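Engineer: Structure below; questions to follow.
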Amino acid sequence: MRTRPTRLVAVVCLLLLAGPLAACADETDDARERLARARATWAAAGVTDYDLVVEGSCFCTSAGLVRVRVRGGTATVTGVDLTNDAGGPTPPEGTPTTVEALLDVVDRSLGTAEKVTVTYDALGVPTTVDVDMIVAAMDDEVTWTASVTPR
């Protein structure tokens, strides 16, 4: 007789968890579809010469602004201004220096972070990428903002 209430509780718990888990899967699937559309839009635009400004924001020592000139798909960093006044010719490790690299950041984040929010422009460029690796943790969030000027 004890097994039936236990089974009933287990079934109810599974049903209660199924909704939120399905919603998470749907959100990730939607985000992956949006990413795929953005990649296709960027590729179709055929932009190979552009100026990119990327700003990283985090609770870290390497946040700041990076300016990049991309010509023929090859990136050249033209300026680095870090919030800790340690700017120089080299951007902090992990800084995306092309639109493709920004799209890769989104892709990797969707596979590892608990929460990823992305805004794309008409060319498919991720203009804002908010990554929260662990929603319940503090100071682990990273935000990338980007703007592209085709040349």
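Engineer: Spelling out what I want: for every residue of region 31-38, take phi, set θ = phi - 60°, compute 6.51 cos²θ - 1.76 cosθ + 1.60 (Karplus), and round to whole Hz; glycine and proline get x.
Structural biologist: 5, 5, 5, 4, 4, 4, 5, 5
Engineer: Can you work out D for region 60-151 in µm² s⁻¹ from Stokes-Einstein, where Rh is the Kirkwood radius over C-alpha pairs, the temperature is 10 °C and the viscosity is 1.306 mPa s? Write down the numbers at each step before the final one.
Structural biologist: Values: Rh = 14.1 Å.
It diffuses with D of about 113 µm²/s by this estimate.
Engineer: Counting other Cβ atoms within 10 Å, which chymotrypsin sites (Phe, Trp or Tyr not before Pro) in region 30-114 have at most 15 and lie in a DSSP loop?
Structural biologist: Numbers: sites: W42, Y50, F59; in loops: F59.
Loop-located and lightly packed - F59.
Engineer: May I ask you to derive the relative contact order of region 71-133, considering only C-alpha pairs under 8 Å and at least 6 residues apart, and to give it as an integer percent? Write down the numbers at each step before the final one.
Structural biologist: On the way: 62 pairs, mean separation 13.8, N = 63.
It comes to 22 percent, rounded to a whole number.
Engineer: List the GluC sites (Glu not before Pro) in region 34-122 that DSSP assigns to loop (not H, G, I, E or B) and whose Cβ has at most 16 other Cβ atoms within 10 Å. Which are they? Working shown, then result.
Structural biologist: Values: sites: E55, E93, E100, E114; in loops: E93, E114.
Answer in residue order: E93, E114.
Read-outs throughout are calculated quantities, based only on the coordinates presented, and are distinct from any laboratory measurement. Source: prediction; values computed, not measured. Using ideal geometry, Cβ is built from the backbone for each residue, glycine included, and neighbour counts are taken over all protein chains shown.
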